[in-house]
Amino acid sequence: MSAPLLAEFDSPEALVRAMRLAAADGHRALDAFTPFPVPDLTDAFAPKRNPVRPVMALAGFGAAAAMYALQWYSSVIDYPLNTGGRPLHSWPVFLLVPFEFGVLIAAIAGLITLFWVCGLPRLHHPLFAIPQFERASQDRFLLLIAPKDADASALRRSLERAGALLVAEMHP
Amino acid sequence: MSGPAQPHRWIDRDRLGYGEICAAVADPIQRRGPGRAWVIAFLGVMPLVLATVVAIGAVLTVGIGLSGVNTTVVWGFSIANYVWWIGIGNAGTLISSMLLLTRQHWRASINRFAEAMTLFAAAIAGIFPIIHLGRPLYSYWLAPYPNTMDLWPQWRSALVWDFWAILSYLLFSLIFWFTGLLPDLATMRDRARSRVGRRIYGALALGWRGSARHWAAYETFHKTMAALAVPLVCSVHSIVGLDFAASLMPGWQESIFPPYFVVGAMYSGFAMVVVLAIVIRWGLNLQAVITPSHFDAMAKVMLFASLVMTISYATEWFMGWYGGEHADRTVISYFFTGDYRWLYYSLLFCNCLAPQALWFARVRLNLWALAIISIVINLGMWLERILIVWNTLSHGHAVSLWRTYHVSVYDVVILIAPLGLFAFGFLVLARIFPIVSIHEVSQLAHDEGAARRGTA
């Protein structure tokens, strides 16, 4: 099997069109690189569910519960202090700090999960070696696609017909 | 919408390709020098930055006696400044996240610097409670940590709530801002020509490739953060409101305080965003992406917030009277007839009367008028905070303790100098990071149809 091709387009619509044509011919689109999110590409490549939200929920509620437990332990068991006759377990005001802390931990956990899902940080990647790739963050829309057979020329021609400005081979 | 004729609703250019957007935002940083206006502004704020450092150093060495506080009016400028700055700080993330959740695509042009405003303002706000502590060297006692004294923080204390609110909010805002910045850092990396630039932006971009999988996870995380930010911001400023409302003082012990503080924060924050937007639009030549329609929309939000503030003040007066408590009633009458009455009338003028000019489209679209009104609103909101502190403390339950506040030089310095620190932060940031979100404006240009046929 030959190396995957990286085709460059000047609009997301052209990329999506070319991707559908190539997929109809039996080629396998691997990924797309764009300067901003394109819903059609998200549907095509991203897994239906990602773990960001469940992890955030778990971390957030867990941290909030732990903080509440710490408040309860410190003011009821370890250091009971009567302030103006208020109950030692002053639950209404004990809700404030767990909320703030839970949101903070959810955010940190979410960021870590985002990096994990994206495989970041990764400062070197074979794609960075392709000169045209640096425009994927600016004004070009790139499609990475694996040809179905050893000869990539049919796929290359079909991509160029669909409007690709430049088609390059990617060597890992 | 009754704005002036422009080719697209939120983009003031017939065609604006993706490459042009990148160039408009990134080139002032990467291709051009700072320019004369930047250098003058930078040198201009340096004395204020120094004054801030000196004032903080002085109060840490000499003590809280430098401030005009006395045994009756035990709170002063530090507390008012704290509430004012945290209010501005709250608005950035609130604006950015609420507009994201309500799918207001025009936020693309303003959200980045609104979030940066949050970072600097919340960081400055965090200084004030510490320098207002009698013994700032013990400020770390607010954190629960295993210690040889066998002590725990007092969880019922408003100071402890403040500590957690500011800490959580600052770190949360930093994560929210950095997430939005990440794809733009990749753009900066790819456009950098110098080796140093490529290294620095490359390291900060963490290898972002803009893959469809990246974007999917990014969007999930960014939207979830926005959904969390709204209750977080409301809780942070509600906690600031509780600093007052949880006390037993007349004029403070009111259940309206938390929501009223949240609206006040949004109000002064929007006014600050308008001022910054005007300056940034002019300084970085971003007329194509920060359009009159943006100012029109922000002015309408300020007008609405002004009405809510007016209703809040009226509710405060009504409840003071209707509640029938003698101390409450005398504090309300002290607002209008007491020692600070002229400041109170100025507050009502700044916050309730002046913004009514925004009913007129001509005023909303005149940037000079909008800038003046925004500054007047910020002034009025500071007066509101200082008067909340002064009026109640000068006129509490015990008649024999009634005293007024006397402003000291130190007070004036910590009021004015941090503005220079804030401007300093912005000036430095504007030379390092894209001050407008490149990927979101590109998306906006795509959705609005301004980016037809890619780039030139």
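Every read-out reported here was derived from the displayed coordinates using simple, explicitly stated rules and does not represent laboratory data. Bear in mind that the values here come from a model prediction, so they are computed numbers and not experimental data. In this analysis, Cβ positions are derived from the backbone assuming ideal geometry, glycine residues included, and neighbour counts consider all displayed protein chains.
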Please arrange A:Arg140, B:Arg135, A:Arg156 by counting, for each residue, the other beta carbons lying within 10 Å of its beta carbon, fewest first. B:Arg135, A:Arg156, A:Arg140
Which ³J(HN,Hα) values, rounded to whole Hz and listed in residue order, are derived for the stretch B:166-176 from phi using the Karplus coefficients 6.51, -1.76 and 1.60 in 6.51 cos²θ - 1.76 cosθ + 1.60 with θ = phi - 60°, glycine and proline given as x? 5, 4, 4, 5, 5, 5, 4, 5, 4, 5, 4
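Nearest 0.05, what FRET efficiency do B:Gln30 and B:Ile256 give at R0 = 51 Å with Cβ-Cβ as r?
So, using R0 = 51 Å, E works out to roughly 0.55.
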Relative contact order [Cα under 8 Å, 6+ residues apart], the stretch B:258-341, whole percent: 30 percent
Evaluate the distance, in nm, between pseudo-label points positioned 7 Å from the Cα of A:Arg17 and of B:Arg135 along their respective Cα→Cβ axes. 7.5 nm
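Scan chain B and report its longest stretch carrying no trypsin sites (Lys or Arg not before Pro) that are both in a DSSP loop and have at most 10 other Cβ atoms within 10 Å.
Numbers: sites that count: B:Arg31, B:Arg32, B:Arg103, B:Arg193, B:Arg453.
Here the longest run is B:194-452.
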Taking the alpha-carbon centroid of each part, what is the distance from the stretch B:128-166 to the stretch A:29-55 in angstrom? 44 Å
When the scattering of the stretch A:57-172 is computed by the Debye formula from its Cα atoms alone, each counted once and equally, what is log10 I(q)/I(0) at q = 0.13, 0.19 Å⁻¹? -0.71, -1.03
Which is farthest toward the positive dipole end of chain B among B:Leu174, B:Pro292, B:Phe360, measuring Cα position about the Cα centre, with Cβ charges +1 (Lys, Arg) and -1 (Asp, Glu)? B:Pro292
Just to confirm a number: summing +1 for Lys and Arg and -1 for Asp and Glu over residues other than B:Gly89 whose beta-carbon lies under 15 angstrom from that of B:Gly89, what do you get? -2
Could you tell me which residue out of A:Pro147, B:Phe424, B:Val275 lies farthest along the dipole of the protein assembly as shown toward its positive end? Charges go on the beta carbon: Lys and Arg +1, Asp and Glu -1, centred on the Cα centre. A:Pro147
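Could you give the size of the charge dipole of the stretch A:30-169 about its Cα centre, using +1 on the Cβ of each K and R and -1 on the Cβ of each D and E, expressed in debye and rounded to the nearest 20?
Computed about the Cα centre, the dipole is about 160 debye.
So what's Rg/Rh here for the protein assembly as shown, counting alpha carbon atoms and using the Kirkwood radius for Rh?
Reported Rg/Rh (Cα atoms, Kirkwood Rh): 1.02.
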Apply the Debye scattering formula to the stretch B:60-218, with a single equal point scatterer on each alpha-carbon and no solvent, then give log10 I(q)/I(0) at q = 0.09, 0.13, 0.15 Å⁻¹. -0.46, -0.81, -0.94
Charge sum, other residues only, whose C-beta stays under 15 Å from B:Leu159's C-beta, Lys/Arg counted +1 and Asp/Glu -1: -1
Based on C-alpha coordinates, I'd like the Rg and Dmax of chain B, in Å. 23.2, 77
Using only the Cα atoms of the stretch B:4-108, build the gyration tensor, take square roots of its eigenvalues as a ≥ b ≥ c, and label the shape rounded, prolate or oblate: rounded if a/c is under 1.5, else prolate if a/b is larger than b/c, else oblate. oblate
Selected from A:Met19, B:Tyr201, B:His326, residue furthest toward positive end of dipole (the protein assembly as shown; charges at beta carbon): A:Met19
Give the distance, in whole Å, between the Cα centre of the stretch B:267-314 and the Cα centre of the stretch A:103-126. 34 Å
Dipole magnitude of the stretch B:299-456, debye to nearest 20 (Cβ charges: Lys/Arg +1, Asp/Glu -1, about Cα centre): 480 debye
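Within 10 Å of each residue's Cβ, count the other Cβ atoms and sort B:Phe426, B:Phe336, B:Phe178 from fewest upward. Please report the intermediate quantities before stating the final value.
Working: B:Phe426 21, B:Phe336 11, B:Phe178 16.
If I rank by nearby Cβ atoms, fewest first, I get B:Phe336, B:Phe178, B:Phe426.
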Stretched fully, the stretch from B:Asn285 through B:His326 gains (0.36 nm per residue minus C-alpha distance, one decimal, in nm) 9.0 nm
Size of electric dipole in the stretch A:1-63: Cβ of Lys, Arg +1 and of Asp, Glu -1, about Cα centre, debye, nearest 20: 380 debye
Order these by the 10 Å Cβ neighbour count, fewest first: B:His439, B:His294. B:His294, B:His439
